[in-house]
Amino acid sequence: MMTIRAAQLAAMMQAIARRVTAERELLNRLDAALGDGDHGTSISAAFNAAAADIAALDQPSASDLWTAAAKAMLNRMGGASGALFGTFFLKGVPPLRGKDRLNKSDMEAALLAGLQGVKARGKAEVGDKTMVDALEPAVLAFAAAEEFADGWRQAAEGARAGAESTRELPARRGRAKYLGERARGHIDPGATTIALLFEAIDGWWTGKA
Amino acid sequence: MSARKHKLINKPDNIVDEMLDGFCAAYSHIVRRAGDRLVLRAQPKAAGKVGLVMGGGSGHEPAMLGWIGPGLLDVNIVGDIFTAPGPERILAGIRAADRGAGALLCVSHHEGDRLNAELALEFCQAEGIDDVDMVILYDDISSAPKSRESDRRGTAGLFFVWKMLGAFCEGDADLAAAKALAQKVRDNTRSLAMSLSSCASPVTGEVMFELNEGDMEIGMGLHGEIGRGRQQALSADATIDLMLPPILADLPFQAGDEVLVLLNNSGSLTLMELFILYRRVAFKLREVGIRVYKSWIGPYATTLETAGFALSLCRVDEQLKALWDAPANGAYMKQL
């Protein structure tokens, strides 16, 4: 059974930060259609802060890593995105506590707890044109797979398909909800960030595995 | 995408901090800066009184900075442009506001503000801070229909809550009474905004939304959120004649009521335009037998440089009139 050491997660977080930073302008453009146009700037700043904070930790456990990521999201980003991305990592902390090596079911537990936390906090379901549209299929695909490799790949595919599915939806949550039907035709930036996140993890895994 | 607007800033990353440096230097007799973008009263209120805390994104100046001071709020936690501050910073604000009688966290109803406030209260609970509560404030009739008032967003009309709640908490009110007073003011307040132009983000330089010259949008939110739809821009009188009736019908405000009126400049209208607009408001209110107790006209809760205004009415009784007339000394809210 393959496991991930906590120290490897620091490299995973750096891969996410690089990917989100590379797509910063795309995310800003997507957000300009539905919000105030700075999602790429703020989410890349938050993931870069998370990667830097994690790099500064001395022999962190998996839960330390998730805690540092949560704090970077909550404190550096702010807004609804900060609260929701922060909640995703914050709720993943208890299942990881005390673990130095993570097997697939540990990671699954952290991702599922994060998903449930985000849905409860934002009161959003699939179809509401939010990050949940990408996060839920990604996490469920990961959970359904047998091994990490399949899990990450299917999570990335699920997240991307979920993000694409937001294009034809009206907005029901967040500041975009006032656009309602006028939001159709635009992909949700938060869902796109989730797709980038799982694609970065998949890329990191295949580069390593 | 439209051309970038030139703004008189230095580095986009430093906007909020440099703004706070300037504000706190100019008004050092009223406010001081502490911690991670907290703005506090220069002289804290007396011990044993309920502290009032408000977080919020920047881009709405002088809100909320100008409302910190005697007779008003105690602590403002300042976020990035149009972005609510995170929960650990709100927690720091709650601690800073606590003078031994607890703190009330005032939340302008937007997704980001509410989610971060909820997280902050959970953090308080985890740390054993139990004399804290929050109140969600909203006033914009365009953002949800009547009977779904609690889905509405907070806009310029929160002005009335800051002033009267601030005065109330200079007395010996407890936390529960403070929250009830905030709800009373909120439940008697209704607002509607309109806009003739968009605004540009000082961070990205891009305009936030497109609005053609010669058009207007009724029901715009405080961050340029879309309202009830666009139409050709009208004269001042015709604009008021379109906006006032739905405000009056919503509460409803009735003949014999006494009201406070706020005509809030969203950014770049001229005072001349606001006075002309107010003239019509006063005329129409007189026509339906509603008495204006006091009025305020000016930029109190702005949306960067948006050309537009919000009209807010608050129905007052003797208690609220006395609170309105109580002294206040914030940088942008003075009451002798």
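Residues of region A:61-88 that are more than 7 Å from chain B (Cβ to nearest Cβ), small (Gly, Ala, Ser), more than 21 Å from A:Glu136 (Cα to Cα) and in a helix (DSSP H, G or I): A:Ala62, A:Ser63, A:Ala68, A:Ala72.
Buried (at least 24 other Cβ atoms within 10 Å of the Cβ), of a type in the set (A, V, I, L, M), without any contact (Cβ under 8 Å) to a residue 40 or more places away in the chain and within 14 Å of chain A (Cβ to nearest Cβ): does that describe B:Ile90? The answer is yes for B:Ile90. Against the condition surrounded by 15 or more Cβ atoms within 10 Å (Cβ to Cβ) and of a type in the set (Ser, Thr, Tyr), how does B:Ser197 come out, does it pass? So B:Ser197 passes the test. Do we find a residue being under 21 Å from the mean Cα position of the chain (by Cα), away from chain A (no Cβ under 13 Å) and either assigned to a helix (DSSP H, G or I) or among the hydroxyl-bearing types (Ser, Thr, Tyr) (or both) anywhere in region B:27-46? Yes, region B:27-46 has at least one match. May I ask you to verify whether A:Asp58 is touching a Lys or Arg at 6+ places or on another chain (Cβ under 9 Å) and either over 29 Å from A:Ala145 (Cβ atoms) or within 14 Å of chain B (Cβ to nearest Cβ) (or both)? So A:Asp58 does not fit the description; no. Counted as qualifying within region B:79-189 are the helices (runs of 4 or more DSSP H) with 1 or more residues that are in contact with a helix residue (DSSP H, G or I) (Cβ under 7 Å, 6 or more places away or on another chain), modelled with pLDDT of 95 or more and within 27 Å of B:Leu313 (Cα to Cα), namely B:111-126, B:158-168, B:175-187.
Among the residues of region B:190-212, the ones that are at pLDDT 90 or above, out of contact with any Leu (no Cβ under 6 Å at 6 or more places or on another chain) and charged (D, E, K, R) come to 0 in all.
When restricted to residues that are farther than 29 Å from A:Ser42 by Cα and touching a Lys or Arg at 6+ places or on another chain (Cβ under 7 Å), region B:217-240 contains 4.
Considering region A:100-209, the qualifying helices (runs of 4 or more DSSP H), each wholly inside and each with 1 or more residues that are farther than 24 Å from A:Arg18 by Cα, more than 14 Å from every other protein chain (Cβ to nearest Cβ) and among the acidic types (Asp, Glu), run over A:104-122. Listed by first and then second residue, the pairs linking a residue in region B:213-238 that is away from every other protein chain (no Cβ under 14 Å) to a residue that is buried (at least 20 other Cβ atoms within 10 Å of the Cβ) and part of a loop (DSSP other than H, G, I, E, B), with Cβ atoms under 7 Å apart and 6 or more places separating them unless they lie on different chains, are B:Met216/B:Leu196; B:Ala233/B:Leu196. If the condition is being assigned to a loop (DSSP other than H, G, I, E, B) and either without any contact (Cβ under 8 Å) to a residue 24 or more places away in the chain or over 21 Å from B:His109 (Cβ atoms) (or both), then region B:239-253 contributes B:Pro252, B:Phe253. Could you look through region B:131-149, keep only residues that are free of Cβ contacts under 8 Å to residues at least 12 places away in the same chain and within 14 Å of chain A (Cβ to nearest Cβ), and pick out the one that is surrounded by the most Cβ atoms within 10 Å (Cβ to Cβ)? Out of the qualifying residues, it is B:Ala144. One residue alone among B:Gly128, B:Gly205, B:Gly112 is within 12 Å of chain A (Cβ to nearest Cβ) and surrounded by fewer than 19 Cβ atoms within 10 Å (Cβ to Cβ), and that residue is B:Gly205. Take B:Glu210 and tell me if it is farther than 30 Å from B:Leu105 by Cβ and either more than 14 Å from chain A (Cβ to nearest Cβ) or touching a residue at least 60 places away in the same chain (Cβ under 8 Å) (or both). Criteria met by B:Glu210.
Looking for whichever is of a type in the set (A, V, I, L, M), more than 30 Å from B:Ala101 (Cβ to Cβ) and in contact (Cβ under 8 Å) with a residue 12 or more places away in the chain here; the options are B:Ile30, B:Ile68, B:Ile15. Which one fits? Residue meeting the stated conditions: B:Ile15. For A:Asp36, the conditions (1) under 30 Å from A:Pro170 (Cβ atoms); (2) assigned to a helix (DSSP H, G or I) are fulfilled apart from (2).
When you look at B:Val107, is it more than 28 Å from B:Leu251 (Cα to Cα) and either within 13 Å of chain A (Cβ to nearest Cβ) or under 12 Å from the mean Cα position of the chain (by Cα) (or both), yes or no? Criteria not met by B:Val107. When residues in region A:27-79 are screened for being out of contact with any Ser or Thr (no Cβ under 8 Å at 6 or more places or on another chain) and touching a residue at least 60 places away in the same chain (Cβ under 8 Å), 5 of them pass. For region B:33-49, the tally of residues that are touching a residue at least 40 places away in the same chain (Cβ under 8 Å), surrounded by 13 or more Cβ atoms within 10 Å (Cβ to Cβ) and among the aliphatic types (A, V, I, L, M) stands at 3. Summed over region B:208-229, the residues that are in contact with a Ser or Thr (Cβ under 8 Å, 6 or more places away or on another chain) and surrounded by 19 or more Cβ atoms within 10 Å (Cβ to Cβ) give a count of 14.
Please verify whether region B:250-264 includes one or more residues that are over 21 Å from B:Gln183 (Cα atoms), surrounded by 15 or more Cβ atoms within 10 Å (Cβ to Cβ) and over 16 Å from the mean Cα position of the chain (by Cα). Scanning region B:250-264, I find no residue that is over 21 Å from B:Gln183 (Cα atoms), surrounded by 15 or more Cβ atoms within 10 Å (Cβ to Cβ) and over 16 Å from the mean Cα position of the chain (by Cα), so the answer is no.
The values are calculated or read from the model by the stated rules, or taken from the named source; none is laboratory data. Here the structure is a predicted model, which means the values were calculated and not measured. Cβ sites come from the backbone with ideal geometry, for glycine too, and all protein chains shown count toward neighbours.
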